[in-house]
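The values are calculated or read from the model by the stated rules, or taken from the named source; none is laboratory data. Only a predicted model underlies this, so the values are computations on that prediction, with no experimental measurement involved. Glycine gets a Cβ as well: all are built from the backbone with ideal geometry, and neighbour counts include every protein chain shown. Surface accessibility is based on the protein's heavy atoms, side chains included, excluding ligands, DNA and RNA. Shrake-Rupley method; radii C 1.70, N 1.55, O 1.52, S 1.80 Å.
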Amino acid sequence: MAVTITGVEPQSLAAKKHICAGWQLVSVNGHPITDVLDYRFYLTEPTLTLMLHDGTKNRAVTIRKAEYEDIGLEFATYLMDEQRSCRNKCVFCFIDQLPKGMRDTLYFKDDDSRLSFLFGNYITLTNLTDGDIDRIIKMHISPIHVSVHTTDPDLRCKMMNNRFAGERLSYLRRLADAGIELKCQLVLVPEWNDGAALEKTLADLTALTPALKSVAAVPVGLTRHREGLTPLRLFTAAESAAVIDALENANARVMQQGGARLFFPSDEFYLAAGRPMPAADHYGDFAQLENGVGMSALLKDQFLSALPIPTPPPRVAVL
């Protein structure tokens, strides 16, 4: 497989070698190029031999460069390939709950391991093959962000409406054993993957340390646009408190063994339970901030740090 070059930056290393738009990039140092991960991985080598096809014949071009220096090739899309869409039909999917009539891109469900590494998108692993996992391990693509939801195989298949969702959980162990860092999320749904199912998930994920770096638990979000979808409900205050307790109990067990806090309820759980938010230092480096974890604590901390420090009143000498 080859990718088409759509542009060449002026004065770049590629331009100086007279590489032209419209040519195809076949390989770099003998490695076939199929997408951006192949390209960026093999581009780090200081001496590159590019195999190109100019429309009539193959051309070999050698470029010498600094380790992370770009050579100036441009492609039709950032991924150099089509974005991979989600194969699941999750009962809680927020895209299925969007109103009609918005721009098309809002309805696209991505599930792309390349975006997981490059931009922190969460993937379910159901789009991956053994070959994809081999490539992640070979290139040490890390971290990978995984939507786990539950480690009960049958329940995962049911929640995601995908018969492969349960068996794909085995990829977590393969990645962890290879030293690939994992950041995970759990979308929790009352009477589905909370309670005993959540306890099992926390125990199974704990077993993935030290590769497991953090896990966010977020409550299912529901809109008024759920016509024809699986009936779901929100967490009660008591159920929200139970989720917080389950995660903190799991953290206590990890920390007793000398580990760091791994499991983080999103801010919504504290609000729904009527419990005070933890302080900012509870969240460490805010590894799950984009999942709504610690946003309130960070806002409070930043607000207080931005307040001017009061000037103490001048001392008056008493005669």
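Side notes on the structure shown:
- Some residue of region 97-116 being part of a loop (DSSP other than H, G, I, E, B), within 26 Å of D35 (Cα to Cα), under 16 Å from the mean Cα position of the chain (by Cα) and not charged (D, E, K, R): no
- Within this structure, G195 passes the test of being open to solvent by 20 Å² or more (accessible area, probe 1.4 Å), out of contact with any Lys or Arg (no Cβ under 8 Å at 6 or more places or on another chain), modelled with pLDDT of 95 or more and at positive phi.
- Selection from region 277-319 of residues that are open to solvent by 80 Å² or more (accessible area, probe 1.4 Å) and among the aromatic types (F, W, Y): F303
- Screening region 149-254 for helices (runs of 4 or more DSSP H) wholly inside it with 1 or more residues that are touching a Gly at 6+ places or on another chain (Cβ under 7 Å) returns the ranges 153-160.
- Residue within region 6-17 that is open to solvent by less than 40 Å² (accessible area, probe 1.4 Å), touching a Ser or Thr at 6+ places or on another chain (Cβ under 8 Å) and of a type in the set (A, V, I, L, M, F, W, C) present: no
- Taking the conditions (1) surrounded by 15 or more Cβ atoms within 10 Å (Cβ to Cβ); (2) modelled with pLDDT of 90 or more; (3) more than 24 Å from E290 (Cβ to Cβ) in turn, D81 satisfies each one other than (2).
- Region 86-121, subset free of Cβ contacts under 8 Å to residues at least 40 places away in the same chain and closer than 21 Å to K158 by Cβ, residue least open to solvent (accessible area, probe 1.4 Å): D111
- Scanning region 55-75 for residues that are open to solvent by less than 90 Å² (accessible area, probe 1.4 Å), assigned to a loop (DSSP other than H, G, I, E, B) and not β-branched (V, I, T) yields G55, K65, A66, E69, D70, G72.
- Boolean, S266 is in contact with an Asp or Glu (Cβ under 6 Å, 6 or more places away or on another chain), closer than 26 Å to T236 by Cβ and not aliphatic (A, V, I, L, M): no
- Odd one out for S147, checked against (1) open to solvent by 30 Å² or more (accessible area, probe 1.4 Å); (2) within 14 Å of the chain's Cα centre (by Cα): (1)
- Test set (1) open to solvent by 40 Å² or more (accessible area, probe 1.4 Å); (2) part of a strand (DSSP E or B); (3) out of contact with any Gly (no Cβ under 8 Å at 6 or more places or on another chain) - L52 fails condition number: (1)
- Hey, A250 modelled with pLDDT of 95 or more and open to solvent by less than 20 Å² (accessible area, probe 1.4 Å) or not: yes
- C157 vs. criteria modelled with pLDDT of 95 or more and either open to solvent by 10 Å² or more (accessible area, probe 1.4 Å) or touching a strand residue (DSSP E or B) at 6+ places or on another chain (Cβ under 6 Å) (or both): yes
- Of all the criteria given as (1) under 16 Å from A176 (Cα atoms); (2) among the basic types (K, R); (3) touching a Gly at 6+ places or on another chain (Cβ under 8 Å), the one not satisfied by K138 is (3).
- Among the residues of region 260-276, just one is within 22 Å of the chain's Cα centre (by Cα) and open to solvent by 80 Å² or more (accessible area, probe 1.4 Å), namely E268.
- Tabulated pairs, region 285-301, first without any contact (Cβ under 8 Å) to a residue 60 or more places away in the chain and in a loop (DSSP other than H, G, I, E, B), second among the hydroxyl-bearing types (S, T, Y) and open to solvent by less than 80 Å² (accessible area, probe 1.4 Å), C-beta under 9 angstrom, 6+ apart or interchain: G294/S266; G294/Y283
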